[in-house]
Amino acid sequence: MTPINRTLPLLSILLLAPLVALHAAEKPLTAWQHFVRTETWTEKWPDASGKVETRNVTAEVWTQAMQAALDAQGTPHIPAREQPYYLDGPLILKSGQKLSADPTAEIRLKPDSNTCMVRNEHVVTLNTKPVPADLPLDTDITIQGGIWTTLATAVASHGNERGQSSKESPVFGTHGVILLQNVRRVSVKNVTIRQSRPFGVHLANAHEFTVENIILEEQRRDGVHVNGPASDGVIRGVRGDSHDDNVALNAWEWKNYAPSYGPIERIVIEDVTGSPEGLPAANAIRLLPGVKRFDDGTTLDCPIRDITLRRITDIRHFKIHDQPNLELGRDNDFSAGLGTVKNLRLEDLVFHRPGKIELHAHTNGLSIHNVRVHHPITPDWHLLAIGPLSQTYKHGKSEDPARWTEIFSPDLDCTVRNLSVSGIRVRGSQIDLPIEQVVHVIELEPNPDYPKTTPKGGTGKGIWIR
C-alpha cells in the first residue's frame with residue numbers, strides 16, 4: 001500500500017496559519033474608541049442667504065484613535081457614518097502602511113489645527129540646498145478613499161490656513177491636506193478634497209507615485225501640487241472645481257511654498273477635467289521650471305522634461321511661464337534664470353470654452369496634437385502664445401501706482417525649438433486650423449501711457465526657431 005503523504009497538508013496549514021492569524025488580528029476602528037475625545041468649539045458656515053452663521057459644535061476627535069490603529073495594524077479602515085470624524089493633527093504613515101476610508105466617510109480638520117491631515121513619517125527640511133541623492137525615503141504607502149476637508153468654507157478658513165507637517169517645528173514649505181515628501185512608490189486614490197485652503201495632495205521629492213481619481217469640491221488652492229525633485233509619476237482622473245491650479249508641477253517654486261527644488265521628469269497627467277459651466281474655478285494646469293539660487297549663492301537648475309498631458313477637457317489655462325513671488329516681493333524671490341522645458345507633449349485636448357497655452361520658457365521639443373475646439377473662435381484667438389507676458393497686479397484694486405506690481409517677467413526672451421502642431425480643429429471641421437491661427441509669437445513693447453493704462457509692457461520677445 002502506498003503510504004499517505006501527510007507533509008503537504010501539514011505544510012499548507014503552517015503556511016496559512018500566519019495569514020489566518022493576521023486576518024483574525026485585524027480589528028475595526030471602533031476597537032480604539034477609548035482614544036477618542038469629545039470636545040466643543042464653534043464653526044462658521046454660510047446660511048441659505050450666504051450670511052455667516054456661527055454654530056456650536058460638539059464632536060469626536062479621532063486623531064489618537066486612528067494613529068493607534070495605524071501603529072497597531074498598519075492598514076486601518078475608516079468606515080462610513082453619519083457624523084464626520086475630526087482630526088486635530090496629521091495621521092502619520094510609515095513605510096508599507098495603508099490608510100483607507102469609505103468613499104462617503106468625511107474627515108474634517110478641527111478649527112485652528114493648521115496642519116496637514118495625513119503625511120508620511122520622515123518629512124525633512126530641504127529648502128536650503130539641493131536634495132541629497134542618498135536621502136532615505138519612505139516607501140510603499142497608500143491612502144485611499146474618504147472626503148477630506150480643512151473646513152475652508154465660503155465664509156471662514158477656521159484657522160487652517162496652511163497644511164504644515166506638524167504643529168511644532170513644521171518642515172518649511174509643507175502645505176498639503178495630504179502631504180507626501182521624501183517618498184517612493186506611494187499612491188493616493190479615490191479621494192475627495194473638499195473646501196480646503198492647503199493644496200489637496202502635496203508631493204515633493206517624490207518618485208514612482210500615482211495620484212488617481214481625485215475629486216475637488218470648492219478647493220481653495222491647488223488640487224495636486226508637485227515640487228521637485230520628482231520623477232516617474234502618474235496623475236490621473238483629477239476633476240472638479242479648484243480656485244487655483246487643478247494640477248501643478250513646480251520644479252522651481254515660491255520659497256514660502258517650497259519643501260525642496262529640483263527637476264521634474266517623466267510624469268504623465270491624463271484624464272483631467274475642469275469644473276462644470278457656472279462654477280467659479282481656475283481650470284488651470286501649471287508647469288513651472290526655473291533656476292533656484294540658494295542663500296549661499298549657489299544655483300540649481302530646475303527643468304521640466306519628458307512630460308505628457310493627454311485627454312484633458314475644459315482646462316482653460318496651461319501656464320508655462322516665469323512668475324516671480326508676488327507674496328514676498330518679486331525682487332526678494334525670483335528664478336535666477338528663465339526655466340527650461342524639454343519634450344513636452346499635449347494631446348487629446350478638448351475646449352468647450354476659450355482656452356490657451358502660455359509658454360514663456362526655453363523649450364526644446366513641444367508637441368500639440370489632436371485638439372478639439374468646441375467654441376466660436378475670433379480672428380485674434382490663438383491656442384499657443386510663445387513669449388513673455390505683462391500684467392499689472394493692483395494689490396486689492398489700489399489706485400496708487402506705486403503699489404502696483406508686474407506679475408510676470410516681461411523683459412526676458414525665450415527660445416522655442418522643435419515645435420510640432422497638428423490636428424487643431426474646430427467643431428465639425430475635418431481640416432486643421434492654419435498654423436498662423438494656432439500659434440502667436442509675442443514681441444512686447446513698453447507701454448508709453450503707463451500708469452494711465454496697463455499693463456506696463458516690456459522689451460522681451462518669443463523666438464520660434466522653425
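Any idea which residue in segment 356-393 is surrounded by the most Cβ atoms within 10 Å (Cβ to Cβ), counting only those that are touching a residue at least 12 places away in the same chain (Cβ under 8 Å) and charged (D, E, K, R)?
The residue in question is GLU358.
For segment 428-455, how many residues are out of contact with any Pro (no Cβ under 7 Å at 6 or more places or on another chain), on the phi < 0 side of the Ramachandran plot, not polar (S, T, N, Q) and not in a helix (DSSP H, G or I)?
The total comes to 15.
Any residue at all in segment 170-179 that is farther than 20 Å from ARG239 by Cα, modelled with pLDDT of 95 or more, among the β-branched types (Val, Ile, Thr) and part of a loop (DSSP other than H, G, I, E, B)?
yes
Of all residues in segment 24-39 being open to solvent by 90 Å² or more (accessible area, probe 1.4 Å) and farther than 21 Å from MET117 by Cβ, which is modelled with the highest pLDDT?
Once the filter is applied, the top-ranked residue is HIS34.
Which condition from (1) open to solvent by less than 90 Å² (accessible area, probe 1.4 Å); (2) at pLDDT 95 or above; (3) not in a strand (DSSP E or B) is the one that GLN83 breaks?
Against the list (1) open to solvent by less than 90 Å² (accessible area, probe 1.4 Å); (2) at pLDDT 95 or above; (3) not in a strand (DSSP E or B), GLN83 comes up short only on (1).
Kindly list the number of the only condition in (1) modelled with pLDDT under 95; (2) over 21 Å from ARG310 (Cβ atoms) that fails for TRP252.
Exception for TRP252: condition (1).
Identify, from the list SER422, SER429, SER398, the residue that is under 32 Å from the mean Cα position of the chain (by Cα), open to solvent by less than 60 Å² (accessible area, probe 1.4 Å) and within 18 Å of PHE351 (Cβ to Cβ).
Answer to the selection: SER422.
Which members of segment 49-66 meet the condition of being part of a helix (DSSP H, G or I) and either open to solvent by 90 Å² or more (accessible area, probe 1.4 Å) or in contact with a Leu (Cβ under 6 Å, 6 or more places away or on another chain) (or both)?
Within segment 49-66, THR63, GLN64, MET66 meet the criteria.
Which of the numbered conditions does ILE285 fail, given that it passes all the others? Conditions: (1) surrounded by fewer than 20 Cβ atoms within 10 Å (Cβ to Cβ); (2) under 14 Å from the mean Cα position of the chain (by Cα).
The number of the failed condition is (1).
Quick check on my filter: what residues within segment 338-355 are surrounded by fewer than 18 Cβ atoms within 10 Å (Cβ to Cβ) and either touching a residue at least 40 places away in the same chain (Cβ under 8 Å) or in contact with a helix residue (DSSP H, G or I) (Cβ under 9 Å, 6 or more places away or on another chain) (or both)?
If the condition is that a residue be surrounded by fewer than 18 Cβ atoms within 10 Å (Cβ to Cβ) and either touching a residue at least 40 places away in the same chain (Cβ under 8 Å) or in contact with a helix residue (DSSP H, G or I) (Cβ under 9 Å, 6 or more places away or on another chain) (or both), then HIS352, ARG353 are the ones that fit.
Would you pick out the residues in segment 121-161 that are surrounded by fewer than 20 Cβ atoms within 10 Å (Cβ to Cβ), charged (D, E, K, R) and free of Cβ contacts under 8 Å to residues at least 60 places away in the same chain?
GLU121, ASP134, ASP140, GLU161
Test each condition in (1) free of Cβ contacts under 8 Å to residues at least 12 places away in the same chain; (2) under 23 Å from ASN418 (Cα atoms) for GLY329 and report the one that comes out false.
(2)
Could you grab me the full set of residues in segment 87-117 that are in a strand (DSSP E or B), out of contact with any Ser or Thr (no Cβ under 8 Å at 6 or more places or on another chain) and either open to solvent by less than 30 Å² (accessible area, probe 1.4 Å) or touching a residue at least 40 places away in the same chain (Cβ under 8 Å) (or both)?
LEU93, ALA101
Exactly one condition in (1) of a type in the set (Phe, Trp, Tyr); (2) closer than 26 Å to ASP306 by Cα; (3) open to solvent by 20 Å² or more (accessible area, probe 1.4 Å) is not met by PHE172; state its number.
(2)
With the structure loaded, tell me whether THR153 is modelled with pLDDT under 95 and among the polar types (S, T, N, Q) or whether it fails that test.
The answer is yes for THR153.
Condition first: modelled with pLDDT under 95 and either closer than 27 Å to VAL272 by Cα or touching a strand residue (DSSP E or B) at 6+ places or on another chain (Cβ under 9 Å) (or both). Now tell me which residues in segment 326-336 satisfy that.
LEU326, GLY329, ARG330
The values are calculated or read from the model by the stated rules, or taken from the named source; none is laboratory data. Every value quoted in this text rests on a predicted model; they were computed, and no experiment measured them. Here the Cβ is made from the backbone with ideal geometry for all residues, glycine too, and neighbour counts use every protein chain on show. Remember, those area values only see protein heavy atoms, side chains included, never the ligands or the DNA or RNA. Shrake-Rupley method; radii C 1.70, N 1.55, O 1.52, S 1.80 Å.
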